[in-house]
Amino acid sequence: MLSDQRSAALVTPHARITWLCLPRIDSPAIFAELLDGPEAGHFSITPLNDDADGDHTDTKPAQAYLGSTLVLQTSWPALRVTDYLDCSDGRPSEKAGRTDLIRHIEGAGRASVAFAPRLDFGRLPTQIKIRDGGLEVAGASDLLVLEAAGVDWSIEDHGVHQTAVAEIDLDQGPVTLEMRYGATSPSGARPPELERRERTARFWSDWADRLQVPDVEPEAVRRSALTLKALCYGPTGAILAAATTSLPEFIGGVRNWDYRYCWIRDAAMTAGALARLGSTSEAVSLLDWLLDLTEDQDVSPNELSPLYTVEGLPLPPEETIEELAGYADSRPVRVGNAACHQLQLDVLGSVAELIHQIASANGTLPVHYWRLLKNLVDAVERRWMEPDQGMWEIRSAPRHHTHSKVMCWLTVDRAVRTGTHTNGGDRPDWIDLRERIRDDVLANGWNDQAGAFTTAYDGMDLDASVLAIGLFGLIEPDDPRFAATVAAVDESLRRNDAVYRYRHEDGISGAEGGFNLMTSWLIDAKIMIGDLDDARGLFGSLLALAGPTGLIPEEVDPTTRQGLGNHPQAYSHLGLINNACNLAHAD
């Protein structure tokens, strides 16, 4: 993944860019090969053999980030491609609209380049004009050019689209390809490429070097933190759930969702994981973004949607892009997400936990965050007895989800605890509310027949999210009911080294893989009950899901270990960070 904290690109192990949305990460894609194939748009660079046929080399390249950065290098024996989205000169905090993708090519011999942008996921005809010093995409809503000094291009017709191709002789020297989106003119004075590369690298490494990483797998933790930082939307403080849409939770299935938005729950958990590593600026920015929602836009906390755009606006209607076949023919490809209309009461607890975390770390709390926390408690008091769709956005009838009730309890509990860092003082009414919710969970969430806390009050089905009852402290780690619930999740929902969220009917057809965050929650639960050997073993399996660049998707096939779901997923990386911190503390 490449990022400038406004958008993100995905690069294959062979230096092929197959995903990029502009001007924002939730905008239409200009390269969408990831979801259909080459005709949906890509930007490829490939070494050529010196034989008479000019066949592409079969040599497998190596790929890695340069240190603690998001500057990516892909290397063959005679060719090296360095890719990054320009983060120099404060670009990540600027309003989205101007993005520079830079691809620097060096080495020996010849390389082929194919530049195949496709406007609006390929739904609009895309024509390319050769201009002095490069290319220009005709008909783009904002100026889109590829600057490539000294490169001779030819244009190929591909149906209603065009692709620009070229061969580069690297024996004549390195070549820089710079795709510029949203510039006011096709040219203009800019610092040399190497200077912008170094500035971009420092943007990431200066931040990463300040992190306080645990002794357990420090490099994996640092890379996960960088991945989460890359999913932060710089201009507003929102944090994305993932960089993609519609990567399937099961190959050929329909569980293909758009995650390019800010889920309040996911974002708060992400900011909390980064705060554990000593970086609290993301938490402050996210809470400020949430204050803009609740105060400037006058959205009551008890009416919060589970998710918003990175700009803090309601989502567009969920729709499908029929022109795209989907990853590995997994239809449909969706944009938007109908979960924005659901009631998910647990989001309140995630925010309250983050506020408490910031207050505990600083020993004080700004008055506006205290005001937000009080409003969250008010929302819980109004709605905690209602059924909801729960953490997993089920598209069947609402239920009284145990996890949602636990998180309502957490909201009030953290508000009571945070009062010691403010002028809030003791609130007997809050203490009473907290105990009423706790009593309700213990009376109705526990099922004697199942021998565990169950998904909801109305059945025996099991959901790994019920581990929250011990993870967040509603019951103590040594409570036998927690140990029994951990054992039930391990036995019923774990397959090999992956943990399913649940296995019951949820109103959506098809299967899914093991959910990496729930694997992390089981690891944390095992740490709490003292099963450290199995916790370490599971953690090792989680680490193994990361490829050479350290990225982890949402889910995994428990048998084949194939990654599933959107990529990279904030949940997976924040889970890894928390696991490492907890294992370090246990050791």
Scan (1) more than 21 Å from E198 (Cβ to Cβ); (2) touching a strand residue (DSSP E or B) at 6+ places or on another chain (Cβ under 6 Å); (3) open to solvent by 10 Å² or more (accessible area, probe 1.4 Å) for the single condition K95 breaks and write down its number. (2)
For the stretch 107-132, enumerate the residues that are closer than 30 Å to G234 by Cβ and surrounded by fewer than 21 Cβ atoms within 10 Å (Cβ to Cβ). D120, R123, L124
Could you count how many residues in the stretch 152-174 are touching a strand residue (DSSP E or B) at 6+ places or on another chain (Cβ under 7 Å) and open to solvent by less than 20 Å² (accessible area, probe 1.4 Å)? 5
Can you report the number of residues in the stretch 292-305 which are crowded, with 16+ Cβ neighbours inside 10 Å, touching a residue at least 12 places away in the same chain (Cβ under 8 Å) and out of contact with any Gly (no Cβ under 6 Å at 6 or more places or on another chain)? 5
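The rows are residues; the columns are (1) surrounded by fewer than 19 Cβ atoms within 10 Å (Cβ to Cβ); (2) in a loop (DSSP other than H, G, I, E, B).
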| residue | (1), (2) |
| --- | --- |
| G237 | no, yes |
| F250 | yes, yes |
| D266 | no, no |
| E282 | no, no |
| L290 | no, no |
Restricting to the stretch 502-532, name every residue that is of a type in the set (A, V, I, L, M) and more than 21 Å from A570 (Cβ to Cβ). I508, A511, I527, M528, I529, L532
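Scan the stretch 175-215 for residues that are open to solvent by less than 50 Å² (accessible area, probe 1.4 Å) and free of Cβ contacts under 8 Å to residues at least 24 places away in the same chain and jot them down.
Of everything in the stretch 175-215, just one residue is open to solvent by less than 50 Å² (accessible area, probe 1.4 Å) and free of Cβ contacts under 8 Å to residues at least 24 places away in the same chain, namely G188.
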Among the listed residues E512, E476, which satisfies the condition of being outside any helix (DSSP H, G or I) and in contact (Cβ under 8 Å) with a residue 40 or more places away in the chain? E512
Of the numbered conditions (1) out of contact with any helix residue (DSSP H, G or I) (no Cβ under 7 Å at 6 or more places or on another chain); (2) among the β-branched types (V, I, T); (3) open to solvent by less than 10 Å² (accessible area, probe 1.4 Å), I552 satisfies every one except a single condition; which is it? (1)
Which numbered condition in (1) under 30 Å from S330 (Cα atoms); (2) in contact with a helix residue (DSSP H, G or I) (Cβ under 6 Å, 6 or more places away or on another chain); (3) of a type in the set (A, V, I, L, M) is the only one that V254 fails? (2)
State whether the residues of the stretch 306-328 include one that is in a helix (DSSP H, G or I), surrounded by fewer than 20 Cβ atoms within 10 Å (Cβ to Cβ) and free of Cβ contacts under 8 Å to residues at least 24 places away in the same chain. no
What single numbered condition from (1) more than 30 Å from T18 (Cα to Cα); (2) polar (S, T, N, Q); (3) open to solvent by less than 40 Å² (accessible area, probe 1.4 Å) fails to hold for S360? (3)
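The values are calculated or read from the model by the stated rules, or taken from the named source; none is laboratory data. This is a predicted model, so every value here is computed, not measured. Using ideal geometry, Cβ is built from the backbone for each residue, glycine included, and neighbour counts are taken over all protein chains shown. Note: accessible area is taken over every heavy atom of the protein model, side chains too, but ligands, DNA and RNA are not part of it. Shrake-Rupley method; radii C 1.70, N 1.55, O 1.52, S 1.80 Å.
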